[in-house]
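Read the structure below first, then the notes.
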Amino acid sequence: ACIHHRDGSSSRVPMPDGTCKFYEHLPNGDDYSPNHRLEQVSYRAKEFLYATKWLLGEERGGHNYDHPILQQIRPKLDKEKVIASGFSYGSTTCSLAATVEPKRFQCAIFLDGWFHIDYSSKGYVYNFPPEAFGEDWPNRANDANEKSHTIQHKDGLTIPSIFINSAQFAGYKKMYAATTALANNINAHNNKHDRTIPESTLHVIPNTKHQNFCDVGFWLPKALLRRLGKFLALGDVDVLEASDNILDLSLKFLKQF
């Protein structure tokens, strides 16, 4: 199931009234508010969870709910084997959804996830989303990284997960440290409570950039991709080879369940 987010974070989304909603640039400088991204990912996670329940038939109504194809698919879906997966901000989104409802998902696949926000010029540096790390939202600039006593999900993200990163994102020290910490937190929790749960792992695909994890490599012929690679934020690796690596790692992980 693919989700069109209607919070202004997607480039273009068709709306129910026939119009389209386009990407909304965040306020910068003095107008920056850390709550914007936090509220945004919270809204996206709610959409993610609603779409999951809708697809499984647990939430009724809405456009095309009774479509013949969906009626044919739903009885065959195994509610015990729902996998959460996301790319970039989508990883952030599904990590929060899986933190809020851990029993909903069997495991998760995070592709080049965005797990850290660094706006140090305004005093805001925190892991993202904080709930997945067992942390609360930052409040003021001078206590942006302090944990609050109002944490609702103290254990953070606990479902077994695979983190597949680009060399580009692995090169951002704070981002990579946050991703590593998230994987370690999951393993520490599960080793304490249930050692039969598969280990969460972190992988980096050499010579890749962020856009190697989307489908841009399937749009254009190889010769043109080589010429436009830097413009498209693609790494030096062969595009299809990188995609094969991502699939191979994902399948190897999923075979444990």
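The values are calculated or read from the model by the stated rules, or taken from the named source; none is laboratory data. These figures come from a predicted structure and were not determined experimentally. Cβ sites come from the backbone with ideal geometry, for glycine too, and all protein chains shown count toward neighbours. All accessible areas refer to the heavy atoms of the entire protein, side chains included, with ligands and DNA or RNA removed. Shrake-Rupley method; radii C 1.70, N 1.55, O 1.52, S 1.80 Å.
Computed quantities for the displayed model
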quantity	calculated
Lys230/Arg74 FRET efficiency (R0 30 Å; Cβ-Cβ; nearest 0.05)	0.10
Share, in percent, of DSSP beta bridges within the range 1-135 that are antiparallel, nearest 5	60
Linear extension gain, His4 paired with Lys122, 0.36 nm per residue minus alpha-carbon span	39.4 nm
Net charge dipole size for the chain [Lys, Arg +1 and Asp, Glu -1 on Cβ; Debye, nearest 20]	380
Percent RCO, i.e. relative contact order, over the range 13-120, from Cα pairs under 8 Å lying at least 6 residues apart	22
The chain, Rg to Rh (Cα coordinates; Rh as Kirkwood inverse mean 1/r)	0.96
Accessible area (Å², 1.4 Å probe, nearest 10) - Tyr176	70
Residues Lys173 and Asn35, FRET efficiency given R0 of 22 Å [Cβ-Cβ distance, rounded to 0.05]	0.30
Förster radius 35 Å - calculated FRET efficiency between Lys21 and Leu251, Cβ distance, rounded to 0.05	0.50
Largest-first principal axis extents, alpha carbons of the range 11-132, Å	53, 36, 21
Helix-derived mean residue ellipticity, 222 nm - over the chain, DSSP H n ≥ 4, -39500 (n - 2.57), to 500	-11000 deg cm²/dmol
Stretch gain in nm, segment Lys46-His193, where the contour uses 0.36 nm per residue and the Cα spacing is subtracted	50.2 nm
Peptides 39-45, 4-10 ordered by average Cβ neighbours within 10 Å, highest first	39-45, 4-10
Relative contact order of the chain, defined on C-alpha pairs under 8 angstrom at six or more residues apart (%)	12
Stretch gain in nm, segment Thr201-Phe218, where the contour uses 0.36 nm per residue and the Cα spacing is subtracted	3.4 nm
Area projected by the alpha carbon convex hull of the range 105-257, averaged over all directions, nm²	10.6
